[in-house]
Amino acid sequence: MAQSLVKEFTKGLWAEIPPFRLVLGLCPVLAVTKSVENGIGMGIATTFVLIFSNLLISLLRNIIPSKVRIACYVVIIATFVTIVELLMQAYTYELFLKLGIFIPLIVVNCIVLGRAEAFASKNGPIFSIADGLGIGLGFTLSLAALGSVRELLGNGTLTIWDGLPVFHMGANFLPFKFMVEAPGAFVGLGLMLCIMNLIGKK
Amino acid sequence: MREMINMIVVLTVLTAFSGGLLAVVERGTANKIEDQVLKFQKAPAIKAIFPEATNNPLAERFTVQDTEGDKLQVFPGIMADGSKAVAFETKGTGFGGPIGLMVGINLKTDKIIKARVTTHSETPGIGTRAKTDLSFVNQFSGKGVHENLALKGDNGEIDAMSGATVTSRGVSIAAIQAEKLYLKLKPEIVKHMK
């Protein structure tokens, strides 16, 4: 049991890493990865929602009638998203302002509903938490990776927390502004998918 | 029939439980969120309205109440030349929900000093110009509290932002609301600031 639990957790980190392998939830991936900080913040918020919605849906999986299951999942997911939104407003207001509309939009993120439908509705609560944690961390890592590439090239900095850059390319570095604009997100994501597929081919 | 009742019961219990949970979280975070809004939204707006205040408008804020029970949080400002002014926030409905507008009014001349947008949930790049592009809200500067602050399309004097009429109207409604509240509560405010 312990072994398969680890498997459910680690699959989210590589084999089913959301934006690259499942290619789900691309809207926030493209929109918020202007900096590492935004990427990590969005990732953690999504992870929180994933863990709790997976847990609750898994606990209620035998009670929820199959005909109204999607409605029930959406109610559960929306509740946790609103909790995240309130908590972010209360404790990380600046990050909340930067992420803006993308926090409430986690409700319609395919990853969360996808995990509810594909995993939590068929598995026990402990496995569902492992699945949510794995997929959520995978999502966070992907956002952080894409965010760091875009921020490094587009702005010449790396910012992890509170707007303070932990790394700076130096005064001679000319920022490649294209990377922090919307088209840069597509190019960055495309190239990363490309690299992922190259590695996966072996 | 049994199946239908089952569905109704599950959905009802689930939504009721969610509602209850959210109410608890909302209540638990309300004070904290108010502090954050004060720090990150109202404070910069007040700083912009009273750049040279000799007092601390945030620390000296007070609440006034009229006979009808309308409450208003007021930020007093004392100008470099000693004249007194107040700033307070009103709400109008924009495209994505309520828009907060912080309005500063000079108590002596009854004229608007400046207005600034605070909290909002408008469309990025379109409605958000109300906050980022100051040329729209600067139209309120210098207007008297008896002037018509409606949009030109609504027979007023304010130019709407092109492409963002609903947002512009929301801001204008907040400004008109501010005029009304000011006229109604001025005696109370003056009494408080003596």
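The values are calculated or read from the model by the stated rules, or taken from the named source; none is laboratory data. Bear in mind the structure is a predicted one, so any value in this text is a computation, not a measurement. Every residue, glycine among them, receives a Cβ derived from its backbone with ideal geometry; neighbour counts consider all protein chains shown. SASA here: full protein model, heavy atoms, side chains in, ligands and nucleic acids out. Shrake-Rupley method; radii C 1.70, N 1.55, O 1.52, S 1.80 Å.
Kindly provide the set of residues from segment A:20-34 that are aliphatic (A, V, I, L, M) and open to solvent by 60 Å² or more (accessible area, probe 1.4 Å), ordered by number.
If the condition is that a residue be aliphatic (A, V, I, L, M) and open to solvent by 60 Å² or more (accessible area, probe 1.4 Å), then A:23 is the only one that fits.
Taking the criterion of being closer than 24 Å to residue B:63 by Cβ, open to solvent by 50 Å² or more (accessible area, probe 1.4 Å) and at pLDDT 90 or above, would at least one residue in segment B:164-174 satisfy it?
Taking every residue of segment B:164-174 in turn, at least one turns out to be closer than 24 Å to residue B:63 by Cβ, open to solvent by 50 Å² or more (accessible area, probe 1.4 Å) and at pLDDT 90 or above.
If you go through segment B:120-130 one residue at a time, do you hit one that is closer than 16 Å to residue B:179 by Cα and open to solvent by 40 Å² or more (accessible area, probe 1.4 Å)? Break it down into steps so the answer makes sense when it comes.
First pass over segment B:120-130, keeping only residues closer than 16 Å to residue B:179 by Cα: none.
So far as segment B:120-130 goes, no, none of its residues is closer than 16 Å to residue B:179 by Cα and open to solvent by 40 Å² or more (accessible area, probe 1.4 Å).
Just to be sure I understand the filter: pairs with C-beta atoms under 6 Å, separated by 6 or more residues or on different chains, first member in segment B:1-16 and within 7 Å of chain A (Cβ to nearest Cβ) and within 16 Å of residue A:78 (Cβ to Cβ), second member open to solvent by less than 90 Å² (accessible area, probe 1.4 Å) and acidic (Asp, Glu). Which pairs pass?
Every condition considered, no pair remains.
Of the conditions (1) under 15 Å from the mean Cα position of the chain (by Cα); (2) at pLDDT 90 or above; (3) not acidic (Asp, Glu), residue B:121 clears all except one; give me its number.
Checking residue B:121 against (1) under 15 Å from the mean Cα position of the chain (by Cα); (2) at pLDDT 90 or above; (3) not acidic (Asp, Glu), the one that fails is (2).
For every residue, the table says whether it meets (1) facing chain B (nearest Cβ under 9 Å); (2) more than 16 Å from the chain's Cα centre (by Cα); (3) more than 16 Å from residue B:13 (Cβ to Cβ).
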{"site": "A:56", "(1), (2), (3)": "no, yes, no"}
{"site": "A:60", "(1), (2), (3)": "yes, yes, no"}
{"site": "A:68", "(1), (2), (3)": "yes, yes, no"}
{"site": "A:77", "(1), (2), (3)": "no, no, yes"}
{"site": "A:83", "(1), (2), (3)": "yes, yes, yes"}
{"site": "A:89", "(1), (2), (3)": "yes, yes, yes"}
{"site": "A:93", "(1), (2), (3)": "yes, yes, yes"}
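With respect to the numbered conditions (1) open to solvent by 40 Å² or more (accessible area, probe 1.4 Å); (2) more than 9 Å from every other protein chain (Cβ to nearest Cβ); (3) in a helix (DSSP H, G or I); (4) not β-branched (Val, Ile, Thr), which one is the sole condition not fulfilled by residue B:20?
Unmet condition: (1).
For segment B:131-163, which positions are open to solvent by 60 Å² or more (accessible area, probe 1.4 Å) and closer than 15 Å to residue B:102 by Cα?
B:131, B:132, B:134, B:138
Please determine whether any residue of segment A:147-169 is of a type in the set (Lys, Arg) and under 30 Å from residue A:65 (Cα atoms).
Looking for residues that are of a type in the set (Lys, Arg) and under 30 Å from residue A:65 (Cα atoms), one finds none in segment A:147-169, hence no.
Looking at this structure, is residue A:157 more than 28 Å from residue A:22 (Cα to Cα) and open to solvent by less than 30 Å² (accessible area, probe 1.4 Å)?
In short, yes.
Just one of (1) at pLDDT 90 or above; (2) open to solvent by less than 40 Å² (accessible area, probe 1.4 Å); (3) closer than 30 Å to residue A:62 by Cβ trips up residue A:146, so point out which.
Here residue A:146 meets the rest and fails (3).
Considering only segment B:1-17, state which residues are β-branched (Val, Ile, Thr), exposed (fewer than 14 other Cβ atoms within 10 Å of the Cβ) and within 16 Å of residue A:70 (Cα to Cα). Give the derivation first.
If we filter segment B:1-17 for residues that are β-branched (Val, Ile, Thr), which is where we start, we get B:5, B:8-10, B:12-13, B:15.
Cutting the leftovers down to exposed (fewer than 14 other Cβ atoms within 10 Å of the Cβ) gives us B:5, B:8-9, B:12-13.
Of everything in segment B:1-17, those that are β-branched (Val, Ile, Thr), exposed (fewer than 14 other Cβ atoms within 10 Å of the Cβ) and within 16 Å of residue A:70 (Cα to Cα) turn out to be B:8, B:9, B:12, B:13.
Going through segment A:95-130 one residue at a time, which ones are open to solvent by less than 20 Å² (accessible area, probe 1.4 Å), aliphatic (A, V, I, L, M) and away from chain B (no Cβ under 14 Å)?
Those that are open to solvent by less than 20 Å² (accessible area, probe 1.4 Å), aliphatic (A, V, I, L, M) and away from chain B (no Cβ under 14 Å): A:106, A:111, A:112, A:120, A:130.
Can you tell me which residue in segment B:39-75 is farthest from the other protein chains (Cβ to nearest Cβ), limited to those that are among the β-branched types (Val, Ile, Thr) and loosely packed, with under 14 Cβ neighbours inside 10 Å?
The qualifying residue farthest from the other protein chains (Cβ to nearest Cβ) is B:67.
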